[in-house]
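What follows draws every value from the coordinates through simple rules; no lab data is involved. These figures come from a predicted structure and were not determined experimentally. All Cβ positions, even for glycine, are placed from backbone atoms using ideal geometry, and neighbour counts span all protein chains on display.
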Amino acid sequence: MDDWQRSLRGALRKPEEIARKFGLDVEEVRRIAKTFKIQITPYYAGLIKERGDAMWRQMVPDPAELRTGSGVADPLEEDHDSPVPSIVHRYPDRCLFLVSHSCASYCRFCTRKRKVGDPSKIHPRYIEDGLAYIRAHGEIRDVIVSGGDPLMLSDRRLEAVIKGVRAVPHVEIIRVGTRVPCVLPQRVTEKLAAMLKKYHPLYVNVHFNHPDELTPEATRALGLLADAGIPLGNQTVLLKGVNDDPLVMRRLMQRLLAARVRPYYIYQADYVSGTEHLRTTVEKGLEIMEALRGWTSGLAVPYYCIDAPGGGGKIPVLPKYIQSITDERVVLRNYAGELFVYPQVKAKPKRKPRPAAAPCYSLEA
Ligand SMILES: *Cc1c(COP(=O)(O)O)cnc(C)c1O
Ligand code: SF4
């Protein structure tokens, strides 16, 4: 057994243990555990400094999760875009490939709260079906290996999956989405990095939500992956009481860059049942984006997206930088709130009417 597997064995998961460790009512924890999976790695539990802090809010169960009345089980309607259980195919040229049902720690805000930790929802036998689907769909040039957390698989099983995807001639890039460098950094070993390196071009997308998660251990894990030539991106979920503060978010983005990770997305928290206490307003997200752009390195500025309920996909949301736009001039506002004028090109052909619907970029080159 590897070190990380031993560490995972020692994860907090029994309601009695959790209640004792965090001073919670055991009956309450038992009730939550009936609906939502609970698990916290000893490493991540060690990052919690006090009751209700950013790390606590992400992982320690809260009775508010059982409050009904808002949120839905599958807000993104991923099930509608699942031709086989392990595939979510929503966009023209890329798909998610769900290869593991488990995670090292279970985030209280998880969009797939209904699926994670339940082996019947993401089963190993679906992996073969997923590979067959990818093989049969020549338009898929980008496969996002996800879950659960794909790094919960042993090196051997993970390699079998990645090798299978890499063997499909029309797949150009592979992405691995994982929270493991944040919650179980011991899992990232020289051996793992050497294995992943064989399947380039391969990207790894990690998930950090607070600057205090970038510990020396996490930074070491990220460095190993970067040294293997793997471009690293990060996604962050905007969460109340965790990172809904422009200064915390700026620090997080800067620390990611220092660990050689390029911030990719900030997501508005999804409308998932059991997560209302962690959601913020969209205005808060816009305020944070305003506090990033211009005030720090452009590399530290990710896209802010809302994954539209009902299956619309990720929609980027931007602060309003165009004040007005006419045939003559565009009035722009910069990051500091000052106005500037950009003159439009003079010899203009007749204005085309705006298209009623969104443009369609077909797959044909
Ligand atoms: C997020 C996501 C992708 C990847 O989107 P990118 O914008 O290319 O990173 C692909 N498929 C689904 C279903 C997704 O949710
Ligand atoms: S690691 Fe990702 S999939 Fe797993 S519980 Fe957290 S948010 Fe959900």
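Summary of computed values
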read-out: Reciprocal mean inverse distance between Cα atoms of segment 131-177 - Kirkwood radius, Å; value: 11.0
read-out: Helix 216-227 axis, angle to the chain major axis (alpha carbon atoms, nearest 10°); value: 60
read-out: Expected-Rg normalisation [2.2 N^0.38 Å, Cα atoms] applied to segment 3-66; value: 1.07
read-out: Ranked K113, K284, criterion: other C-beta atoms within 10 Å, fewest first; value: K284, K113
read-out: ³J(HN,Hα) computed for each position of segment 231-236 - Karplus, 6.51 cos²θ - 1.76 cosθ + 1.60, integer Hz, glycine/proline x; value: x, 10, x, 10, 10, 10
read-out: Along principal axes, Cα extents of segment 257-342, largest first, whole Å; value: 49, 35, 21
read-out: Peptides ranked, highest mean first, by Cβ atoms within 10 Å: ranges 6-19, 248-261; value: 248-261, 6-19
read-out: The chain: angle of helix 155-166 to the longest principal axis, Cα-based, in degrees nearest 10; value: 30
read-out: Under 12 Å, Cβ to Cβ, from R90 - net charge with Lys/Arg +1 and Asp/Glu -1; value: -4
read-out: Debye, to nearest 20: dipole size of the chain, +1 on Lys, Arg Cβ, -1 on Asp, Glu Cβ; value: 460
read-out: Note, ³J(HN,Hα) from phi for segment 188-193, Karplus 6.51, -1.76, 1.60, rounded to Hz, x at Gly and Pro; value: 8, 10, 4, 5, 4, 4
read-out: Cα Rg over Rh - segment 159-279, Kirkwood; value: 1.01
read-out: Convex hull per residue volume in Å³, alpha carbons only, for the chain; value: 162
read-out: On Cα atoms only, tilt of 125-136 relative to the major axis of the chain in degrees; value: 30
read-out: Per-peptide average of other Cβ atoms within 10 Å, ordering 274-280, 68-74 highest first; value: 274-280, 68-74
